[in-house]
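The values are calculated or read from the model by the stated rules, or taken from the named source; none is laboratory data. Keep in mind that what you see is a predicted model, and the values were worked out from it rather than measured. Here the Cβ is made from the backbone with ideal geometry for all residues, glycine too, and neighbour counts use every protein chain on show. Note: accessible area is taken over every heavy atom of the protein model, side chains too, but ligands, DNA and RNA are not part of it. Shrake-Rupley method; radii C 1.70, N 1.55, O 1.52, S 1.80 Å.
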Amino acid sequence: MINGLLVLAGGSGRRLGTPKAWLEWDGQPLLLRIIDRLSRLALEPPIVVAQPGQELPSGDYRRVDDQIPDSGPLAGLAAGLKRHAKDKPYARIAVIGCDYPFADPKAELWVECDRAVAAGELAVHALLRRVPHHVVDAAEVNASTDLERALLNLNDRDDLRRARAFS
């Protein structure tokens, strides 16, 4: 069991042609599908990070606006983790983007996220230079796990077509 679930939903979906949080998936907005699938793993209601003024589907979650608009997912990660961790610095938080219909990554990294953003390092891969982590080799993953499916996120129409083919 984890303390909380953090969903990053601030992307505009420019390459996809539609806001990712609203993308219909199995009869509901993708954001709500992810929350429905993962919120039961957490002790607290999920937090969704979005751009200030961004419309999101109504659902059972708490919203946090990105503190540095248009700064990418790392700034959103920092904002959401701060909200979760301010009273519980050792809480276990699962983190996922709203554009991962099949995966459930997690992190407890808000301090390093803040440092990277302050240094102008806005890409998530920049965070990996700052924190201990383990890269999982495909050979280490359970043979029944389809890595292409599990790690597929939705950035453009080709990604969407591949994901729909997995459903």
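In the condition set (1) open to solvent by less than 20 Å² (accessible area, probe 1.4 Å); (2) without any contact (Cβ under 8 Å) to a residue 60 or more places away in the chain, ASP65 is compliant with all but (1). Go through the range 30-44 and count every residue that is in a loop (DSSP other than H, G, I, E, B) and either surrounded by 14 or more Cβ atoms within 10 Å (Cβ to Cβ) or without any contact (Cβ under 8 Å) to a residue 12 or more places away in the chain (or both). Within the range 30-44, residues that are in a loop (DSSP other than H, G, I, E, B) and either surrounded by 14 or more Cβ atoms within 10 Å (Cβ to Cβ) or without any contact (Cβ under 8 Å) to a residue 12 or more places away in the chain (or both) number 1. Of all residue pairs spaced 6 or more apart or on separate chains, those with beta-carbon atoms under 9 Å, a first member in the range 6-20 that is farther than 28 Å from ARG40 by Cβ and a second member that is open to solvent by 30 Å² or more (accessible area, probe 1.4 Å) and not in a loop (DSSP other than H, G, I, E, B) are ARG15/ARG157; GLY17/ARG157.
Look through GLY53, GLY10, GLY76 and report the one residue that is part of a loop (DSSP other than H, G, I, E, B) and within 22 Å of LEU128 (Cβ to Cβ). Can you show your working first?
On the way: GLY53 fails: within 22 Å of LEU128 (Cβ to Cβ); GLY76 fails: part of a loop (DSSP other than H, G, I, E, B).
None of the others qualify; the one that does is GLY10.
Among the conditions (1) closer than 19 Å to ARG157 by Cα; (2) at pLDDT 90 or above; (3) open to solvent by 10 Å² or more (accessible area, probe 1.4 Å), GLN54 misses just one, which is (1). Scanning the range 91-112 for residues that are crowded, with 20+ Cβ neighbours inside 10 Å and of a type in the set (A, V, I, L, M, F, W, C), we see that the one that is modelled with the lowest pLDDT is LEU109. Restricting attention to the range 1-16 and to residues that are out of contact with any Lys or Arg (no Cβ under 7 Å at 6 or more places or on another chain) and more than 13 Å from VAL48 (Cβ to Cβ), the residue that is surrounded by the fewest Cβ atoms within 10 Å (Cβ to Cβ) turns out to be MET1.
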